[in-house]
Structures are given as structure tokens and as C-alpha cells.
1. Within the range 52-73, work out how many residues are touching a helix residue (DSSP H, G or I) at 6+ places or on another chain (Cβ under 6 Å) and either closer than 17 Å to residue 96 by Cα or not in a helix (DSSP H, G or I) (or both).
2. Going residue by residue through the range 34-47, is there one that turns out to be out of contact with any strand residue (DSSP E or B) (no Cβ under 9 Å at 6 or more places or on another chain), assigned to a helix (DSSP H, G or I), at pLDDT 90 or above and under 15 Å from residue 98 (Cα atoms)?
3. Checking residue 15 against (1) out of contact with any strand residue (DSSP E or B) (no Cβ under 7 Å at 6 or more places or on another chain); (2) buried (at least 22 other Cβ atoms within 10 Å of the Cβ); (3) over 13 Å from residue 99 (Cα atoms); (4) at pLDDT below 50: exactly one of these is not met. Which one?
4. Out of the range 48-60, which residues are surrounded by 23 or more Cβ atoms within 10 Å (Cβ to Cβ) and modelled with pLDDT under 90?
5. Is there a residue being at pLDDT below 85, crowded, with 17+ Cβ neighbours inside 10 Å and touching a helix residue (DSSP H, G or I) at 6+ places or on another chain (Cβ under 6 Å) anywhere in the range 79-91?
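The values are calculated or read from the model by the stated rules, or taken from the named source; none is laboratory data. All values reported here derive from a predicted model rather than from experimental measurement. Cβ placement follows ideal geometry from the backbone for every residue including glycine, while neighbour counts extend to all protein chains displayed.
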């Protein structure tokens, strides 16, 4: 669960910036075939981008960095995500982001 925000930041950032490359083009720490990044709810994107930067990941597209500091990102973005997404969707966001770090980050 601690990894949820970290991975979310990458996917959300890519979507917000209109980046359409495969994850491997975005960060060398991600598998190119990680379809999970398309499953992240967009409601908490701004929260995650801000939290990722505050946690020391200057590039919101760097999944490796985001997953390394996932606990910090989760703590920093939790209230914002809940406010922006609601409890249920915020929980979905956490689950998907955690799965991305587990399944997609090398």
C-alpha cells in the first residue's frame, strides 16, 4: 500500500503532460508492457505530483524514484487524494499504484 502514490505519480504525470510513450521510454526502471499505468484514476494526479516532488523525485516520470520513496509520498498525499477522489476511489488508486511498483518497476 505504501507504494501506491509513487507509481501513481508517474502515470498521472505522463497523462497530464500528454506523454504517450511506453513506460520504458519514460523511465528505464519500468517495464515497457505495464498496462497497469492506464488504470490509475486521474482524480489525485495533482496531489501525487506535488508529493513526489516534495519527497525528492524531481522527475515525476521516474517510477524507480517514486517507488523508492512510496511511503513518503503516501504520507504527503494521503489527505489530498482522499479529498480529491473520495475514500473508495482513493483506495482504488492506492491498490493500482502499489501493483505498478510491484509488477512494473525493475
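1. Counting residues in the range 52-73 that are touching a helix residue (DSSP H, G or I) at 6+ places or on another chain (Cβ under 6 Å) and either closer than 17 Å to residue 96 by Cα or not in a helix (DSSP H, G or I) (or both) gives 10.
2. No, there is no match, as no residue in the range 34-47 is out of contact with any strand residue (DSSP E or B) (no Cβ under 9 Å at 6 or more places or on another chain), assigned to a helix (DSSP H, G or I), at pLDDT 90 or above and under 15 Å from residue 98 (Cα atoms).
3. Only one criterion is unmet by residue 15, namely (2).
4. If the condition is that a residue be surrounded by 23 or more Cβ atoms within 10 Å (Cβ to Cβ) and modelled with pLDDT under 90, then 48, 60 are the ones that fit.
5. No, the range 79-91 contains no residue that is at pLDDT below 85, crowded, with 17+ Cβ neighbours inside 10 Å and touching a helix residue (DSSP H, G or I) at 6+ places or on another chain (Cβ under 6 Å).
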